[in-house]
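**Student:** Right, I'll just put the structure down here and ask away after.
All of the numbers you see were taken from the coordinates with simple rules; none came from a lab. Quick caveat: nothing in here was measured; it's all calculated off a predicted structure. As a convention, Cβ positions derive from the backbone with ideal geometry for all residues, glycine included, and neighbour counts pool all protein chains shown.
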Amino acid sequence: MIKAILTDIEGTTSSISFVKDVLFPYAAAALPGFLREHWDTAAVQEQVRALRGQIGEALCDAEAVNALLQQWIAQDRKDTPLKALQGIIWRTGYERGDYQAHMYPEVADQLRAWHAQGLRLFVYSSGSIAAQKLFFGYSEAGDLTPLFENYFDTTSGHKQDVDSYRRITQAIGLPANEILFLSDIVAELDAARAAGLHTTLLDRDGLAPESDHPRKTRFDEIVLPG
């Protein structure tokens, strides 16, 4: 019996275009000024140290960090330091009301229904945990954060790595076969299933590649495995 649902965000609860066409450009445009203004803060220096350790270069000033991260944004890299800094910038946009996070029409009601049924809800996204909380806190459907028990990001491992789902399962504290993972990416679902989780593919536009995962187009079509 399923006792917990672990959901992806982009392409699953929300459109990929919101992230790629709104959030990414917003962060890219704000990044140079943000780094200059906040260079000496603990939050920025923590991520700069992580970048230095990751690439083995000094990165002595805001301009060098900006040049590197702009490349990574263009490449859609999932590296944790980039995601952390993007999350800090996105907070400003949400708080100013520059945008609200997109939700597919049925998602919020279905999440609320599952929560009311006693299912434990979790998020696993390549975006930082802080960014995930902002996303659901400032959504078009209102503040959905009270529905979620916990959030997971790339600090748990990359989303196509089987061990990532083993770590998350351990953190949730349930047997893997009592957790359902929702995603629009077949390789992520393959990894989750290899770790023992149940899976469902969200194929919003009908263009997902063939796979043997249960396939649905909406949250309210999902049948929980018995």
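**Student:** Can you tell which of ILE172, ALA141, ALA42 lies farthest toward the positive end of the dipole of the chain, using +1 and -1 charges on the Cβ of basic and acidic side chains (Lys, Arg; Asp, Glu)?
**Tutor:** ILE172
**Student:** Just want to confirm a number: the relative contact order over the chain, from Cα pairs under 8 angstrom separated by 6+ residues, in percent.
**Tutor:** Reported relative contact order: 25 percent.
**Student:** In region 111-215, what GluC sites (Glu not before Pro) fall in a loop by DSSP, with at most 10 other Cβ atoms inside 10 Å?
**Tutor:** Sites meeting the loop and neighbour criteria: GLU210.
**Student:** In a shell of Cβ-Cβ distance under 14 Å around ARG167, excluding ARG167 itself, what net charge do Lys and Arg (+1) and Asp and Glu (-1) give?
**Tutor:** -1
**Student:** Explain nothing, just the number: relative contact order of region 19-96, from Cα pairs under 8 Å at least 6 residues apart, as a whole percent.
**Tutor:** 42
**Student:** Counting Lys and Arg as +1 and Asp and Glu as -1, what is the net charge of the other residues whose Cβ lies under 14 Å from the Cβ of ASN177?
**Tutor:** Every neighbour counted, the sum reads +2.
**Student:** Separation between the VAL223 and MET1 pseudo-spin-labels, each 7 Å from Cα along Cα→Cβ, expressed in nm?
**Tutor:** Placing both labels 7 Å along Cα→Cβ, they lie 1.9 nm apart.
**Student:** On to the next question. Which order do MET1, MET103 fall in if you start with the one that has the fewest other Cβ atoms within 10 Å?
**Tutor:** Fewest to most other Cβ atoms nearby, the residues stand as MET1, MET103.
**Student:** Another question, if that's okay. Contour minus end-to-end for ALA42 and ASP205, with contour as 0.36 nm per residue of separation and end-to-end as the Cα-Cα distance?
**Tutor:** Extra length available between ALA42 and ASP205 comes to 54.4 nm.
**Student:** If I model a spin label at GLU140 and THR92 as a point 7 Å from the Cα along the Cα→Cβ vector, what separation in nanometres do I get?
**Tutor:** Label at GLU140, label at THR92, 2.6 nm between them.
**Student:** Now a separate question. With everything on Cα atoms, drop me the angle between helix 42-55 and the longest principal axis of the chain, reported from 0 to 90° to the nearest 10.
**Tutor:** The answer is roughly 80 degrees.
**Student:** Another question about this same structure. What's the angle, to the nearest 10 degrees (0 to 90), between helix 24-38's Cα axis and the longest principal axis of the chain?
**Tutor:** With both axes taken from Cα atoms, the answer is about 40 degrees.
**Student:** Given Cβ point charges of +1 (Lys, Arg) and -1 (Asp, Glu) and nothing else, what value in debye, to the nearest 20, does the dipole of region 19-96 about its Cα centre take?
**Tutor:** Computed charge dipole of region 19-96: roughly 220 debye.
**Student:** Continuing with the same structure: Of THR217, TYR99, ALA192, which is farthest towards the positive pole of the chain's charge dipole, taken about the Cα centre with +1 and -1 on the beta-carbons of Lys, Arg and Asp, Glu respectively?
**Tutor:** The residue sitting most towards the positive pole is ALA192.
**Student:** Moving on to the next point. Within a 10 angstrom radius of the beta carbon, how do TRP39, TRP90 rank from fewest other beta carbons to most? Each step should come with its number before you reach the end.
**Tutor:** On the way: TRP39 13, TRP90 26.
Taking fewest neighbouring Cβ atoms as first place, the list is TRP39, TRP90.
**Student:** Go through region 1-89 and name the GluC sites (Glu not before Pro) that are in a DSSP coil and have 13 or fewer other Cβ atoms within 10 Å of their Cβ.
**Tutor:** In loop regions of region 1-89 (DSSP not H, G, I, E or B), the sparsely surrounded GluC sites (Glu not before Pro) are GLU57.
**Student:** In degrees from 0 to 90, rounded to the nearest 10, what is the angle of the helix 162-172 Cα long axis to the longest principal axis of the chain?
**Tutor:** 80
**Student:** Counting only residues 5 or more places away or on other chains, whose amide H sits under 5 Å from the amide H of SER139 once H atoms are built in the peptide plane?
**Tutor:** Amide H to amide H, under 5 Å and 5 or more residues apart or across chains, SER139 pairs with ALA101, LEU144.
**Student:** What length, rounded to one decimal in nm, is gained on full extension from ASN177 through to ILE16, with 0.36 nm per residue of separation minus their alpha-carbon distance?
**Tutor:** Answer, rounded to one decimal: 55.1 nm.
**Student:** Quick check on the chain: helices-only [θ] at 222 nm, where DSSP H runs of length 4 and up contribute -39,500 (n - 2.57) each and the sum goes over total residues. Nearest 500, please.
**Tutor:** Helix contribution divided over all residues of the chain: -13500 deg cm²/dmol.
**Student:** How much net charge surrounds THR154 when only other residues with a Cβ under 14 Å from its Cβ are counted (Lys, Arg +1; Asp, Glu -1)? Write out the running numbers ahead of the final one.
**Tutor:** Working: positive: ARG77, LYS78, LYS83, LYS159, ARG167; negative: ASP8, GLU10, ASP76, ASP79, ASP153, ASP161, ASP163, GLU188.
After counting each charged neighbour, the total is -3.
**Student:** Dipole of the chain, Cα-centred, from +1 at each Lys and Arg C-beta and -1 at each Asp and Glu C-beta, to the nearest 20 debye?
**Tutor:** 420
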